[in-house]
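Structure first, commentary second.
Readers should treat all values here as calculations from the given coordinates under stated rules, not as data from a laboratory. A quick note: this is a predicted structure, and the numbers were derived from the prediction, not measured. Every residue, glycine as well, gets a Cβ built from its backbone with ideal geometry; the counts of neighbours run over all protein chains shown.
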Amino acid sequence: MGVLNCNINAHEPDNDTKLLLNITNVYGMHQLISEPTRITEKSSTLIDVIFTNCPDRVVCSGVSHIGISGHSLVYAFRKVSTDLSKGHNTVYERKFKNFDSVGFRYDIFYQNWNGIENCESEE
């Protein structure tokens with residue numbers, strides 16, 4: 001989302017707008033804002049955009065003309081899951097306040113690495 005300065009609603013889009021729309025099309029992105037976001041006495045353009053690849057996760061989106069800037073405010077409300085039936089989550093953390101970096105390096109250096117083979121990640 002942001003001000004991309006590409007007028008999505010232009011009757012004849014410029015090259016930058018065509019490139020933006022091509023990229024978003026390639027990645028399956030959907031533009032959520034449909035009304036002008038920059039309105040002057042002589043023109044109105046849609047240059048403040050919100051793209052998503054999961055429009056089903058957005059409850060609503062739109063434009064608010066609040067008048068404190070030349071650009072209107074764009075917004076989107078995302079669906080939030082409140083399914084608590086899965087139980088609780090356990091969060092584990094490590095505190096490094098008393099971390100001994102010299103001891104850690106010593107342990108790593110003197111570790112028996114003979115049983116470790118060359119493991120490459122499978123992609």
Subject >> Computed lengthening from residue 58 to residue 88, 0.36 nm per intervening residue step minus Cα-Cα distance >> reply: 8.2 nm
**OP:** May I ask you to compute the full-extension gain from residue 111 to residue 19, defined as 0.36 nm times their residue separation minus their alpha-carbon distance, rounded to one decimal in nm?
**Re:** 27.8 nm
Subject >> Prolate/oblate/rounded label for the range 49-99 (Cα gyration tensor, a/c 1.5) >> reply: oblate
Subject >> Taking the range 1-120 and dividing mean pair separation by its residue count, relative contact order in percent (alpha carbons under 8 Å, at least six apart) >> reply: 19 percent
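Quick check on the exposure proxy: order 29, 1 from fewest to most C-beta atoms within 10 angstrom.
1, 29
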Original post:
Residue by residue, what Karplus-based ³J(HN,Hα) values in Hz, rounded to whole numbers, does the range 8-16 have, using 6.51, -1.76 and 1.60 with θ = phi - 60° and x for Gly and Pro?
Top reply: 5, 8, 5, 5, 10, x, 7, 4, 4
**OP:** Give the Cα extents of the chain along the principal axes, in whole Å, largest first.
**Re:** 74, 39, 30
Subject >> Exposed-loop-free span, longest in the chain, where chymotrypsin sites (Phe, Trp or Tyr not before Pro) count as exposed if DSSP calls them loop and at most 16 other C-beta atoms lie within 10 Å >> reply: 28-91
Original post:
Once the Cβ-Cβ distance between residue 30 and residue 101 is put in as r, and R0 is 35 Å, what FRET efficiency do you end up with, to the nearest 0.05?
Top reply: 0.15
Subject >> Around residue 58: net Lys/Arg minus Asp/Glu count, Cβ-Cβ under 9 Å >> reply: +2
**OP:** Search the structure for amide H atoms under 5 Å from the amide H of residue 37, placed 1.01 Å from N in the peptide plane, and list their residues when 5 or more places away or on another chain.
**Re:** 45, 46, 47, 48
Subject >> Hz values of 3J(HN,Hα) by residue in the range 97-112 - Karplus curve (6.51, -1.76, 1.60), Gly and Pro given as x >> reply: 4, 10, 5, 9, 5, 5, x, 4, 4, 4, 4, 5, 4, 9, 6, 7
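Looking at the chain, which longest stretch skips every one of the trypsin sites (Lys or Arg not before Pro) that is in a DSSP loop with at most 14 other Cβ atoms within 10 Å, leaving the sites themselves out?
1-41
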**OP:** Using amide H atoms built 1.01 Å from N in the peptide plane, name the residues 5+ places from residue 58, or on other chains, whose amide H lies under 5 Å from its own.
**Re:** 79
